[in-house]
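**Student:** Let me begin by handing over the structure; questions about it come next.
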Amino acid sequence: MSLSPVAVASLAVAAWALVALGFTGVTAFAVARLVGRQRARRDPGRWPSLWLLRPCAGDEPGLEENLASSFAPYPGERRVLFLVAAEDDAALPAARRAAAKRDDAEVVITGARAANRKSAQLAAGLARAGAAPSPPEVVVQIDSDVRLHDESLRDLLRALGDDPKTAAAFAIPVELDVAGAGDLAASGLLTASHHDFLAIAALAELSGGVPSMSGVLAAHRREVLEDTGGFASLADLLGEDYEVGRRLHARGLGVAVAALPA
């Protein structure tokens with residue numbers, strides 16, 4: 001007995017719906033498991049020393065306020081580097097004004113010209129941190145369009161924790177300035193679908209797969225980052241944050257997800 005085209009189409013749709021429902025159920029379980037672990041976290045036994053690396057390019061809206069948020073409360077030692085590629089970069093005036101607010105901040109002209117300029121900028125900052133008289137235990141990379149709030153740094157370092165097997169931690173990026181259909185569609189895809197960074201991270205943790213790390217706001221144990229090639233080895237790669245996660249995973253090291261978004 002042959003089935004009609006309508007019956008075949010109905011069975012195909014039903015099969016697709018069952019698979020989608022099953023995958024959604026697994027994703028929901030994985031996310032709930034991850035969120036439960038996030039809620040169980042406590043402050044680390046000791047807050048490590050930090051250097052915050054903020055690569056900048058161009059005079060984007062709210063830049064000075066975003067950079068000034070680098071001084072959000074943090075109980076440990078902290079230094080901030082605003083990384084600008086050249087003297088004629090439009091980001092330089094705002095970076096200098098933000099740095100002038102504190103003694104623990106400075107602007108670094110990196111001269112970065114690599115294909116992935118962000119990684120090249122970060123590489124210059126990491127080299128400066130590693131050569132310091134007292135190198136930091138942790139380096140934090142923060143995109144210039146991220147505005148930290150009072151709990152951002154503490155939450156990120158709480159995720160990194162005391163276990164040296166956790167080599168990095170990152171915050172889920174959330175776009176707040178959504179304007180237009182394209183922005184709305186992109187924001188929905190990355191924050192309210194199976195492509196959400198939280199969902200992907202939860203599934204990777206559940207399956208033991210490579211974490212899909214986001215470099216928008218991320219903390220790295222400096223020595224481990226350097227041992228895996230550092231940012232300089234990423235200057236010709238697109239998706240450098242995923243590559244960092246892949247390298248750590250290959251070494252049996254973990255990547256944690258902060259409870260609060262970027």
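The values are calculated or read from the model by the stated rules, or taken from the named source; none is laboratory data. Please read all numbers here as calculations on a predicted model, not as lab measurements. Ideal geometry is used to build each Cβ from the backbone, glycine not excepted, and the neighbour counts take in all protein chains shown. The accessibility values were calculated without ligands, DNA or RNA, using every heavy atom of the protein model including side chains. Shrake-Rupley method; radii C 1.70, N 1.55, O 1.52, S 1.80 Å.
**Student:** Look at S212 and say whether it is among the hydroxyl-bearing types (S, T, Y), closer than 24 Å to R147 by Cα, open to solvent by less than 40 Å² (accessible area, probe 1.4 Å) and assigned to a helix (DSSP H, G or I).
**Tutor:** Numbers: among the hydroxyl-bearing types (S, T, Y): yes; closer than 24 Å to R147 by Cα: yes; open to solvent by less than 40 Å² (accessible area, probe 1.4 Å): yes; assigned to a helix (DSSP H, G or I): no.
No.
**Student:** While we're on this one: Please go through the range 77-89 and give me each residue that is of a type outside the set (D, E) and at pLDDT below 95, ordered by number. It would help to see each step written out before you state the result.
**Tutor:** If we filter the range 77-89 for residues that are of a type outside the set (D, E), which is where we start, we get 78-86.
Matches in the range 77-89: A85, A86.
**Student:** Among the residues of the range 131-156 satisfying the criterion of being under 15 Å from the mean Cα position of the chain (by Cα) and part of a loop (DSSP other than H, G, I, E, B), which is nearest to V216 (Cα to Cα)?
**Tutor:** That would be D143.
**Student:** Another question about this same structure. Would you point out which residue out of A179, A185 is more than 28 Å from A40 (Cβ to Cβ), out of contact with any Leu (no Cβ under 8 Å at 6 or more places or on another chain), part of a loop (DSSP other than H, G, I, E, B) and open to solvent by 60 Å² or more (accessible area, probe 1.4 Å)? Can you show your working first?
**Tutor:** Working: A185 fails: part of a loop (DSSP other than H, G, I, E, B).
Going through A179, A185 in turn, the sole match is A179.
**Student:** When the range 188-207 is examined, which residues are found to be at pLDDT 85 or above, open to solvent by 50 Å² or more (accessible area, probe 1.4 Å) and small (G, A, S)?
**Tutor:** S207
**Student:** When both residues are 6+ apart or on different chains and their Cβ atoms are under 8 Å apart, which pairs have a first residue that lies in the range 239-254 and is closer than 13 Å to T166 by Cα, and a second that is buried (at least 16 other Cβ atoms within 10 Å of the Cβ) and of a type in the set (K, R)?
**Tutor:** From residues that are closer than 13 Å to T166 by Cα, there are no pairs.
**Student:** What residue, among those in the range 59-78 that are among the hydroxyl-bearing types (S, T, Y) and touching a strand residue (DSSP E or B) at 6+ places or on another chain (Cβ under 8 Å), is most open to solvent (accessible area, probe 1.4 Å)?
**Tutor:** Of the range 59-78, the ones among the hydroxyl-bearing types (S, T, Y) are 69-70, 74.
Subsequent filtering for residues that are touching a strand residue (DSSP E or B) at 6+ places or on another chain (Cβ under 8 Å) retains 70, 74.
Values: S70: 0, Y74: 25 Å².
In this case the residue turns out to be Y74.
One line per residue, one yes/no per condition, for (1) under 29 Å from D177 (Cα atoms); (2) touching a helix residue (DSSP H, G or I) at 6+ places or on another chain (Cβ under 9 Å); (3) in a loop (DSSP other than H, G, I, E, B):
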residue: Y74; (1), (2), (3): yes, yes, yes
residue: V80; (1), (2), (3): yes, yes, no
residue: A95; (1), (2), (3): yes, yes, no
residue: A98; (1), (2), (3): yes, yes, no
residue: R102; (1), (2), (3): yes, yes, yes
residue: V108; (1), (2), (3): yes, yes, no
residue: A120; (1), (2), (3): yes, yes, no
residue: A127; (1), (2), (3): no, yes, no
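**Student:** Then there's this: Does the range 58-72 hold any residues that are under 23 Å from S134 (Cβ atoms) and either in a loop (DSSP other than H, G, I, E, B) or touching a helix residue (DSSP H, G or I) at 6+ places or on another chain (Cβ under 7 Å) (or both), and which are they? Quick ask: steps written out before the conclusion?
**Tutor:** The first filter runs over the range 58-72 and keeps only residues under 23 Å from S134 (Cβ atoms), leaving 70-72.
Result: A72, single match.
**Student:** List pairs: first in the range 28-46 and in contact (Cβ under 8 Å) with a residue 12 or more places away in the chain, second open to solvent by 90 Å² or more (accessible area, probe 1.4 Å) and not in a helix (DSSP H, G or I), Cβ under 7 Å, 6+ apart or cross-chain?
**Tutor:** Within 7 Å, the pairs are P44/D162; G45/D162.
**Student:** Same structure, new question: Which condition breaks for L238 when tested against (1) in a helix (DSSP H, G or I); (2) farther than 27 Å from A40 by Cα; (3) open to solvent by 40 Å² or more (accessible area, probe 1.4 Å)?
**Tutor:** That leaves (1) as the condition not met.
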